[in-house]
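Step one of this worksheet: look at the structure below.
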Amino acid sequence: MLRLTAGESAPTVVWKQTNLKKGIYSVFSTPQLQDGYIYGSSNGGFIRCLNAGTGELSSSSLQAHGPRPSASAECFLIKNGDRFFVVNEHGDLIIARLTPKGYEEVSRAHLLNPTSEGSSSGFNRDVLWSHPAFANRCVYMRNDKEIICASLEAK
């Protein structure tokens, strides 16, 4: 974590996390800052919460991904009001609340099958690693074969 100060030419290092089991190590998803905490997806499929001031791990969950970690698994986190839209590599759209105490799933729908051959990269599973788009109360998702539009309005 870096602190940028007006008029200073270099940032100050506030804290540095090097423990893979306690940090956020995301390749795809941008971490989100909320109320002094950082929420992010980390290698293996974990969704983690860190104290932004100290870097201390507050919570960690695999619930959005599945029962076990998977190599290079990540989820996309998109903030929406007091909740997050979470899209995992299995093609599920999840609505969840993320707090320093943990992950609370509100709802989940499987929208699209993974088709990218993660097995060719040594992952031994198909994956969906395409960030969703949101517009007009809909979510747009794609894999290597199709693009879908799903309404986010309650029926």
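Quick note: the coordinates plus some simple rules give every number you see, no bench work behind them. Nothing here was measured: the structure is a model prediction, and the numbers come from that model. Here the Cβ is made from the backbone with ideal geometry for all residues, glycine too, and neighbour counts use every protein chain on show.
A few notes on this one:
- Residue-count net charge about residue 17 - beta-carbon cut-off 15 Å; Lys, Arg +1, Asp, Glu -1: +3
- Each of 33, 70, 91 was scored by the projection of its Cα onto the charge dipole of the chain, and the greatest displacement toward the positive side belongs to 33; charges sit on the C-beta of Lys, Arg, Asp and Glu.
- Proximal charge balance of residue 50 [Cβ under 10 Å; K/R count +1, D/E count -1]: +1
- Over the C-alpha atoms of region 18-151, the Rg to Rh ratio, Rh being the Kirkwood estimate, stands at 0.96.
- Table column - 3J(HN,Hα) (Hz), region 131-139, Karplus curve with 6.51, -1.76, 1.60, x for Gly and Pro: 5, x, 10, 10, 6, 6, 6, 10, 10
- Centroid-to-centroid separation of region 105-155 and region 15-76 [C-alpha atoms, Å]: 20
- Comparing 82, 92, 126 in a Gaussian network model of the chain where C-alpha atoms under 10 Å apart are linked, the largest mean-square fluctuation is found at 82.
- Applying 1/(1 + (r/R0)^6) with r as the Cβ-Cβ distance of residue 137 and residue 10 and R0 = 35 angstrom yields a FRET efficiency of 0.20.
- 3J(HN,Hα) along region 26-39, derived from phi through the Karplus expression 6.51 cos²θ - 1.76 cosθ + 1.60 where θ = phi - 60°, amounts to 9, 9, 9, 9, 6, x, 10, 9, 8, 6, x, 10, 10, 10 Hz, with x in place of Gly and Pro.
- Among 123, 76, a tally of other beta-carbon atoms within 10 Å of each Cβ gives an order, fewest to most, of 123, 76.
- Its Cα centre serving as origin, region 18-151 has a Cβ charge dipole (Lys and Arg +1, Asp and Glu -1) of approximately 200 debye.
- Packing here is the average count of other Cβ atoms within 10 Å per residue, and on that basis the peptides 141-150, 41-50, highest first, run 41-50, 141-150.
- Radius 12 Å from Cβ of residue 32, net charge of other residues (Lys, Arg +1; Asp, Glu -1): +2
- Computed on the chain, with alpha-carbon pairs under 8 angstrom and 6+ residues apart, the relative contact order is 13 percent.
- Checking the cross-link pairs 21/155; 22/155; 79/155; 22/145; 22/79; 21/79 against a 32 Å limit on the alpha carbon distance flags 21/155; 22/155; 22/145 as lying beyond it.
- Extending 7 Å from Cα along the Cβ direction at residue 33 and again at residue 149 yields two label points whose distance is 3.5 nm.
- Three-way shape call for region 71-141 based on the alpha-carbon gyration tensor, with the a/c threshold at 1.5: oblate
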